[in-house]
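The values are calculated or read from the model by the stated rules, or taken from the named source; none is laboratory data. It should be emphasised that the depicted structure is a prediction, and the values quoted were computed from it without experimental measurement. All Cβ positions, even for glycine, are placed from backbone atoms using ideal geometry, and neighbour counts span all protein chains on display. Calculation scope for accessible area: heavy atoms of the full protein, side chains included, ligands and nucleic acids excluded. Shrake-Rupley method; radii C 1.70, N 1.55, O 1.52, S 1.80 Å.
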Amino acid sequence: MSDADWGAAVRTVRELAPEGRVLLVCHVNPDGDALGSMLGFALGLRRLGVRRMQATFPGPFEVPEPFTALPGLELLVPEQEAYANPDLALVFDVAAESRMGALADRVSAAGATVVLDHHASNTGFGDVNLVDATAAATSVVVEELLRRLGVPLDVEIAECLYVALATDTGSFRFDMTTPRVHEMAARLIATGLRPGEISRRIFDSRPFGAMKLFADVLGRAQLDPTAAAGHGMVWTYATLEDLERHGQRPYVLDALIDPVRSVAEVDVAVVVKQTGDAEWAVSMRSKGAVDVSAVAVALGGGGHRLAAGFTGYGTPGDVVFSVREQLTAHLLT
């Protein structure tokens, strides 16, 4: 991003009329970075005096349990209630318009659109695109824009951005955890937030039923040592019936990729989660031998080099076969 990009974003926000309507949007099935970045920036806009503001995401109006204590949740509205033609749309952690579902029409109808993201696969659909593929999380971009707008960090903004940063770096364990990340975390913690309490809520709290669900799903995992030209793949799947049997909501499956990716014998981990009749949300991780972002893009999705996803159709076996077919073509080593 150039200084011109940052300048355009600052001007777009500052030129908003006093009664202008602002719509903040993140992607379907929002994760910590999407929600935290969006709400953190919304709270910053409130500090600037913006009064007419809504935040939303496509799909069922359900905030995952780990994020129900985030500051700014009162700004959320169901997608059906979102402004039809806002004066300004701000889009967070969205690499392509398809990830906004029906809200894409509201964003395209906006007087101006600013996109804040860190996905290398971003299609550049905004009027102003602040996309930094070197950033560990979209919240990194958000913090910088808030700084350029002259919005000081307070403990509520900081908590939103810290949740975003911690979740997308795997609690500061992933390869994108750079000195820049730790410096940002230090600035956020300096506002007075309590990282231990936040981490327990986000990473270390899970219903007993979710533990039983994980046991079932991990028990059906399959190892494919010949996939990816011998780098190997491990995969498993979870059905809607699994969720119903254990009385769990879909969000609990977001953490399932972590134990699957820990398998020592393989590079690629795949978790296939049912979302509808013959429809599956697919999460992929790589330890460095395969660019799973390229795999995801080839299959209609997107993401990062080591973490990506897409929507698949058919049986779990069909979906995993489509992944396996792409792996060798996108080797990094």
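Details
- Sparse-neighbour loop sites [GluC sites (Glu not before Pro); region 1-77; at most 15 other C-beta within 10 Å; DSSP]: 15, 19, 62
- The chain: C-alpha gyration tensor shape, a/c 1.5 cut-off, then a/b vs b/c: prolate
- Overall, the accessible surface of the chain at a probe of 1.4 angstrom is composed of carbon and sulfur to the extent of 51 percent.
- Selection of GluC sites (Glu not before Pro), region 208-289, meeting DSSP coil and at most 15 other Cβ within 10 Å: 265
- Each residue, residue 85 and residue 108, gets one label point 7 Å from its Cα in the Cβ direction; the gap between the two is 1.5 nm.
- Excluding ligands, DNA and RNA, the accessible surface per residue across region 1-99 is 40 Å² with a 1.4 Å probe.
- Among the chymotrypsin sites (Phe, Trp or Tyr not before Pro) in region 153-230, none is located in a DSSP loop while being surrounded by at most 11 other Cβ atoms within 10 Å of its own Cβ.
- Simple point charges give the picture: +1 on the Cβ of Lys and Arg, -1 on the Cβ of Asp and Glu, and for the chain a dipole about the Cα centre of about 580 debye.
- Where trypsin sites (Lys or Arg not before Pro) in DSSP loops with at most 13 other Cβ within 10 Å are excluded, longest remaining stretch of the chain: 52-172
- With helices as the sole contributors, the chain gives -11000 deg cm²/dmol at 222 nm; each DSSP H run of n ≥ 4 counts as -39500 (n - 2.57), and the sum is divided by every residue.
- The order of the peptides 78-88, 112-122 by mean Cβ neighbours within 10 Å, most packed first, is 112-122, 78-88.
- Extension gain from residue 194 to residue 133, taking 0.36 nm per residue of separation minus the Cα-Cα distance: 19.1 nm
- Spin-label zone in region 171-201 - amide nitrogen under 15 Å from a point set 7 Å from the Cα of residue 154 along the C-beta vector: 191-193
- Note on residue 249/residue 187: beta-carbon distance plugged into 1/(1 + (r/R0)^6) with R0 of 35 Å gives a FRET efficiency of 0.55.
- Theoretical gain in end-to-end length, residue 258 to residue 223 [0.36 nm per residue, Cα-Cα removed]: 11.0 nm
- Cα→Cβ-extended label distance, 7 Å offset, between residue 216 and residue 147, nm: 4.7 nm
- Highest-fluctuation residue, 164, 210, 269 considered, GNM on the chain with Cα pairs under 10 Å: 210
- Segment residue 318-residue 17, length gained on full extension (0.36 nm per residue, minus Cα span): 103.2 nm
- The charge dipole of region 224-324, taken about the Cα centre with unit charges on the Cβ atoms of Lys, Arg (+1) and Asp, Glu (-1), comes to about 280 debye, rounded to the nearest 20.
- Selection from 49, 312, 13 lying farthest towards where the dipole of the chain points positive, charges on Cβ: 49
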